[in-house]
Each structure stands twice: as C-alpha cells, then as structure tokens.
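What follows is a single structure, written as structure tokens, with notes after it.
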Amino acid sequence: MPFDFRRFDIYRKVPKDLTQPTYTGAIISVCCCLFILFLFLSELTGFITTEIVNELYVDDPDKDSGGKIDVSLNISLPNLHCELVGLDIQDEMGRHEVGHIDNSMKIPLNNGVGCRFEGQFSINKEQPDPRVRVF
C-alpha cells in the first residue's frame, strides 16, 4: 500500500467519511505547518539571543565631596580590532568628548584580532546620570 500524501489535508469542510482529500489541500496544510514552525523558531531565537549593551553608568556614593570622579577603564575586547575601539564621554552638564585619547591606550590581543583598551579620565560628579560609551 503506497503512502498517500492527501492524508495531510487538514482543511476538510465536511465530515471525513463524506470528503475526499486533495493534493492541493495537503500542500496548503503542509505549507501552513512549515510557516508556523518557522515563525515559532524565529521568535524563539529572538528570545534566547543575548543583547550586548555598551554603556557604563558611574555613581559615587559619597555625594558630599563635590568635584569630579576619577574613572579607570581596563576592558578586553577579544573579537574587536583596535582601530574600531574608541571612547566617547558625555554627561548631563553639557560635556561631550568624542574620540577621547588623553591617558588612553589600545593594546592588540591575539595577533591583532582583539584589543585591550585602557584609559583614565575624570567626569563631573554633579550630574545624576553620567554615561561613558566605549565603541
């Protein structure tokens, strides 16, 4: 007894004993099931994948001293070339430095494939939400 593809037709309009499955109905049924499986798997992979956020929030618990906060960074980026690494400093008091290079150093890792970024800088302490972005 050969395999009958028409058995996959799930869109019959009358009771099964009064209908005849068709190849068109079976093809539509299989395509719909594959499309539903694709949608489910794409949503599942979107849910499982991690998102990398490249922002660092700095807060000093000693609010009474005033002035600036000294920040030292030592970040290893094993899969990023050094020519793509830089430092932007932005605070809510209006300071915005793009490509900050004072007191910073880029050290190649893994034969130039990765990079270690070291830097030191000061940020204003008065702002409620200073942001440092390493790109």
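The values are calculated or read from the model by the stated rules, or taken from the named source; none is laboratory data. No experiment lies behind these values; they were computed from the predicted model shown. Cβ: placed from backbone, ideal geometry, glycine included. Neighbour counts: every protein chain shown. All accessible areas refer to the heavy atoms of the entire protein, side chains included, with ligands and DNA or RNA removed. Shrake-Rupley method; radii C 1.70, N 1.55, O 1.52, S 1.80 Å.
Values as computed for the structure displayed
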{"read-out": "Selected residue (criterion: surrounded by the fewest Cβ atoms within 10 Å (Cβ to Cβ)) from residues of region 76-96 that are at pLDDT below 75 and in contact with a strand residue (DSSP E or B) (Cβ under 6 Å, 6 or more places away or on another chain)", "value": "Met93"}
{"read-out": "Residue within region 97-109 that is among the small types (Gly, Ala, Ser), modelled with pLDDT under 90 and more than 30 Å from Arg6 (Cα to Cα) present", "value": "yes"}
{"read-out": "Close pairs from region 29-42: first under 14 Å from Ile10 (Cβ atoms), partner open to solvent by 100 Å² or more (accessible area, probe 1.4 Å), Cβ under 7 Å, at least 6 apart", "value": "Ser29/Ile10; Ser29/Tyr11"}
{"read-out": "Residue under evaluation Ser42, criteria (1) of a type in the set (Ser, Thr, Tyr); (2) within 37 Å of the chain's Cα centre (by Cα); (3) more than 30 Å from Leu77 (Cα to Cα), criterion not met", "value": "(3)"}
{"read-out": "Condition broken by Thr24, with the remaining ones in (1) surrounded by 11 or more Cβ atoms within 10 Å (Cβ to Cβ); (2) at pLDDT below 90 satisfied", "value": "(2)"}
{"read-out": "Check on Glu126, part of a helix (DSSP H, G or I), more than 30 Å from Phe3 (Cα to Cα) and either at pLDDT below 75 or not hydroxyl-bearing (Ser, Thr, Tyr) (or both)", "value": "no"}
